[in-house]
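Below is one structure, written out as structure tokens, with a few remarks after it.
Every number here is computed from the coordinates shown, using simple stated rules; none is lab data. Note that this is a predicted model, so its numbers are computed, not measured. Positions of Cβ are backbone-derived with ideal geometry, glycine not excepted, and every protein chain shown enters the neighbour counts.
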Amino acid sequence: MKTMYVTHPSSLKHEMGCFHPDSPERIYAISDQMLASGLMSFVKQGYSFKALKKDILRVHSPIYLDYLYKNIPTDGEYYYIDNDTIMNSYTFESALYAAGSGMFAIDAIFSNSVKNAFCAIRPPGHHANHDNAMGSCFFNNVAIAAKYAFDKYKVSRLAIVDFDAHHGNGTEEIFYDDDRVLMCSFFQHPFYPYLGKHSLKKNNMCNLPVNAYAKSSRIRDIVNNHWVPAIHKHKPEVILISAGFDAHKEDDMSQICLTEYDYAWITNIIVELSEQYANGRIVSILEGGYNLSSLSRSVVLHIRALANI
């Protein structure tokens, strides 16, 4: 099998209240659609391991890690970092397994067990920066996977593609001065987290703001005329994806107007580039996507593209 589907039951234990859009139901919806579509039979299944302290500290500060650990609430209680980023008693452990999922997938692709992997985990990560949580993100999962690839597999260059509707400010901050990493994204602006419109000033940042109600043609133009040339120039040895699906036109968390077929198209482009430069190695990690129907449909087409099915 070419593609691995990575998850862990701990993703279902982290919750931030019944009002919060980042709910465990997101993972249930994805797995249900994977089963209903028959796709689960065509992917290899894997279960994340827990990231260790040393893994988290490749990206985050010791003071920040200690802050999260000391504020784990008792069962039935919540600890508010901000109105969007809330811990219950399981959040810290769930975040460790979420961070470990990308590392687990990195091991799988570099051992040639599979070509690529999708990590259906939560909490997400791309807003978390070096020393604080925000935007429902505690540890920056894709950054931790990147640093793991550098350290364990001596990767020289990698690319991070972020197609979430919200700017991956944490990922940008962590790798802003690291020329080994090329980051490519689009994001609605002005919009949460209200950062990133100047990121084109760095050669390793190809992060382009788009207006509300941007259509497929605008996003495809960005991919074809900005991402693709940048990736050709960078020649990454592995491609990581911050896979947020909240730019779908059915998702109320943004005003970008994509469909699941746009995500399939973007994924096909990334797969082609990975075959050219990275021996097909891709690790995709779930970020946003809050309308359960559009999320699950989009993930299925994303994984179909990864698996070439």
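Placing a label point 7 Å from the Cα of TYR213 along the Cα-to-Cβ direction, the residues of the range 231-266 with a backbone N closer than 16 Å are 249-250, 254-258. Rounded to whole numbers, the Karplus 3J(HN,Hα) couplings from phi for the range 213-230 are 6, 4, 9, 3, 4, 5, 5, 5, 5, 4, 4, 5, 9, 10, 4, 4, x, 5 Hz, using 6.51 cos²θ - 1.76 cosθ + 1.60 with θ = phi - 60°, and x at Gly and Pro. Per DSSP helix of 4 or more residues, -39500 (n - 2.57); summed, then divided by the residues of the chain. What does that give at 222 nm, rounded to the nearest 500? Roughly -11000 deg cm²/dmol at 222 nm, from the helical runs in the chain. In this rough spin-label picture, where each label sits 7 Å from Cα along the Cβ direction, the TYR78-GLN255 distance is 2.7 nm.
Peptides 125-137, 208-220, ordered by how many other C-beta atoms sit within 10 Å of their residues on average, highest first, read 125-137, 208-220.
In this structure the amide hydrogen of ILE241, modeled in the peptide plane, comes within under 5 Å of the amide hydrogens of VAL161, VAL283, SER284, ILE285, none closer than 5 places in sequence on its chain. Looking at the range 114-157, the trypsin sites (Lys or Arg not before Pro) that sit in a DSSP loop and have at most 12 other Cβ atoms within 10 Å of their own Cβ are LYS154. Oblate is the label for the range 193-309. Its Cα gyration tensor axes, ordered a ≥ b ≥ c, give a/c of at least 1.5 and b/c at or above a/b.
Order of LEU273, LEU182 from fewest to most other C-beta atoms within 10 Å?
Numbers: LEU273 21, LEU182 24.
Going from least to most buried by this count: LEU273, LEU182.
Given a Förster distance of 41 angstrom, what is the FRET efficiency for LYS54 paired with ASP32, based on the Cβ-Cβ distance and rounded to 0.05?
Working: r = 36 Å, r/R0 = 0.87.
In this case the efficiency is close to 0.70.
Taking each residue as 0.36 nm, the span from PHE110 to LYS235 lengthens on full extension beyond its C-alpha to C-alpha distance by 43.3 nm. Backbone phi angles across the range 27-42, fed through the Karplus curve with coefficients 6.51, -1.76 and 1.60 (θ = phi - 60°), yield HN-Hα couplings of 5, 4, 4, 5, 5, 4, 5, 4, 6, 5, 7, x, 6, 4, 6, 10 Hz in residue order; Gly and Pro are listed as x.
The ranking of ASP177, ASP262, ASP32 by Cβ neighbour count inside 10 Å, starting from the fewest, reads ASP177, ASP32, ASP262.
The stretch between ILE63 and ASN308, if pulled fully straight at 0.36 nm per residue, gains 83.9 nm over its current Cα-Cα span.
With 32 Å as the limit on Cα-Cα distance, the pairs of LYS50/LYS115; LYS13/LYS215; LYS70/LYS115; LYS70/LYS202; LYS13/LYS54; LYS44/LYS202 that go past it are LYS13/LYS215; LYS70/LYS115; LYS70/LYS202; LYS44/LYS202.
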